[in-house]
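Trainee: One structure is given below, represented as structure tokens, and several questions about it will come after.
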Amino acid sequence: MSTTRSPKKRRTVSRDALLKSVASSTAVETGEASRGIEARLRAGKSRFKSLPLA
């Protein structure tokens with residue numbers, strides 16, 4: 001018995017939804033308020049500007 005699946009469509013995630021998700025996940029791990037984390041993420045200030053990402 002075999003079934004054929006149709007390819008899944010990619011869902012685009014808005015920047016706001018991504019920031020909320022990262023902030024809430026970080027808040028759970030750190031115990032900090034998610035609103036504060038989200039505000040810092042929205043500010044866009046990086047602590048490690050000279051550090052290149054791979």
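The values are calculated or read from the model by the stated rules, or taken from the named source; none is laboratory data. Model, not experiment: these values are computed from the prediction. Cβ coordinates were reconstructed from backbone atoms using ideal geometry, including for glycine residues, and neighbour counts include every protein chain displayed. Surface accessibility is based on the protein's heavy atoms, side chains included, excluding ligands, DNA and RNA. Shrake-Rupley method; radii C 1.70, N 1.55, O 1.52, S 1.80 Å.
Trainee: Rounded to whole Hz and in sequence order, give me ³J(HN,Hα) for the stretch 17-24 from the Karplus expression 6.51 cos²θ - 1.76 cosθ + 1.60, θ = phi - 60°, writing x for Gly and Pro.
Mentor: Rounded to whole hertz, the list is 5, 5, 4, 5, 5, 5, 5, 5.
Trainee: How many lysine pairs does the chain hold where the Cα atoms are under 26 Å apart and the two sit 8 or more places apart or on different chains?
Mentor: Details: 8/20; 9/20; 20/45; 20/49.
For the chain, the number of qualifying lysine pairs is 4.
Trainee: Follow-up question, since we're still on this one. Would you mind working out the accessible area per residue for the chain, using a 1.4 Å probe, and quoting it in Å²?
Mentor: Working: 5700 Å² over 54 residues.
Accessible area per residue, the chain: 106 Å².
Trainee: Sticking with this one: Normalised radius of gyration for the chain, please: alpha carbon Rg relative to 2.2 N^0.38 Å, two decimal places. Please report the intermediate quantities before stating the final value.
Mentor: Numbers: Rg = 17.4 Å, N = 54, 2.2 N^0.38 = 10.0 Å.
Here the answer is 1.73, to two decimals.
Trainee: Taking the dipole about the Cα centre of the chain, with the C-beta of Lys and Arg at +1 and of Asp and Glu at -1, give me whichever of 12, 54, 41 is farthest to the positive side.
Mentor: About the Cα centre, the residue reaching furthest to the positive side is 12.
Trainee: What list of ³J(HN,Hα) couplings, whole Hz, do you get for the stretch 47-54 from phi and the Karplus terms 6.51, -1.76, 1.60, once you set θ to phi - 60° and write x for glycine and proline?
Mentor: Residue by residue, the stretch 47-54 yields 7, 10, 5, 7, 8, x, 8, 6 Hz.
Trainee: Tell me what the chain gives for mean residue ellipticity at 222 nm when only DSSP H runs of n ≥ 4 count, each as -39,500 (n - 2.57), the sum divided by the residue total, rounded to 500 deg cm²/dmol. Working shown, then result.
Mentor: Details: 2 runs with 26 residues, N = 54.
Helices in the chain give a 222 nm mean residue ellipticity of -15500 deg cm²/dmol.
Trainee: Ordering 26, 12 by how much accessible area each has at a 1.4 Å probe, largest first, what is the list?
Mentor: On the way: 26 50, 12 135 Å².
Order by accessible area, largest first: 12, 26.
Trainee: Moving on to the next point. Using only Cα atoms, tell me the angle between helix 34-43 and the longest principal axis of the chain; keep it within 0 to 90° and round to the nearest 10.
Mentor: Once rounded, the angle reads 80 degrees.
Trainee: For the pair residue 22/residue 4, report the inter-label distance in nm, with labels modelled 7 Å from Cα in the Cβ direction.
Mentor: Distance between label points: 4.0 nm.
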